[in-house]
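**Q** Below is the structure I would like to discuss, written out as structure tokens.
The values are calculated or read from the model by the stated rules, or taken from the named source; none is laboratory data. What you see is a predicted model; the values in this text were computed from it and never measured. Cβ placement follows ideal geometry from the backbone for every residue including glycine, while neighbour counts extend to all protein chains displayed. Accessible surface areas use protein heavy atoms only, side chains included; no ligands, DNA or RNA. Shrake-Rupley method; radii C 1.70, N 1.55, O 1.52, S 1.80 Å.
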Amino acid sequence: MKILIIYDSMYGHTEKVAHAIKDGFGELHQVRAEQVGHIGYGDLANLDLLVVGSPTNGGRETEDVKTFLDGMSDHALRGMRAAAFDTSMAEEDQGFFVGKIVKWFGHASTRIERSLLEKGAEPVLKESFLVLGKEGPLKDGELERARNWANHLFEN
């Protein structure tokens, strides 16, 4: 299978998760994990699975991920399987104000999923991976969880 993982990262945690997901697919698949700025629309051709990830910032994906997704043609992902992930602060680390923002706006993966659907993709799963505080580090066990998540992307 041909798999592309596109991500953006502010503090390096989303990048670590993207590479853990890549590792989770093992060597049976042709997998690339690339920062969104290093990808062109031609890289989407002939994919079996597209995975897109971003840190959650104010309930949204990064501007680079949003711009990339918005720039795709309306049916660029027709029939393609896709998944979305984000990195977000653990609920126990959110103050009152941040907690309200997250409850109101949600996570980046929800917005990414919506964009993937609008472009014709067939989403498989979405997931949030937790960081402790705004700048991290990742919560213990999150990289292992990301590797395991890769295995579930073909179950649905």
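**Q** Output yes when any residue across the range 130-147 is more than 16 Å from SER9 (Cβ to Cβ), modelled with pLDDT of 95 or more and in contact with a helix residue (DSSP H, G or I) (Cβ under 6 Å, 6 or more places away or on another chain), and no when none is.
**A** yes
**Q** Say whether the condition of being at positive phi, modelled with pLDDT under 95 and surrounded by fewer than 16 Cβ atoms within 10 Å (Cβ to Cβ) is met by at least one residue in the range 12-30.
**A** Yes: one or more hits.
**Q** State which residue pairs qualify: first residue farther than 15 Å from LYS126 by Cα and aromatic (Phe, Trp, Tyr) and inside the range 1-27, second residue open to solvent by less than 70 Å² (accessible area, probe 1.4 Å) and in a helix (DSSP H, G or I) in any location, beta carbons under 7 Å apart, and separation of 6 or more residues or different chains.
**A** From residues that are farther than 15 Å from LYS126 by Cα and aromatic (Phe, Trp, Tyr), the pairs are PHE25/ALA150.
**Q** Please report, ordered by residue number, the helices (runs of 4 or more DSSP H) entirely within the range 35-125 with at least 1 residues that are at pLDDT 90 or above.
**A** 63-71, 108-118
**Q** For ASN151, only one of the following conditions fails: (1) of a type in the set (S, T, N, Q); (2) under 11 Å from THR87 (Cβ atoms); (3) part of a helix (DSSP H, G or I). What is its number?
**A** ASN151 satisfies every listed condition except (2).
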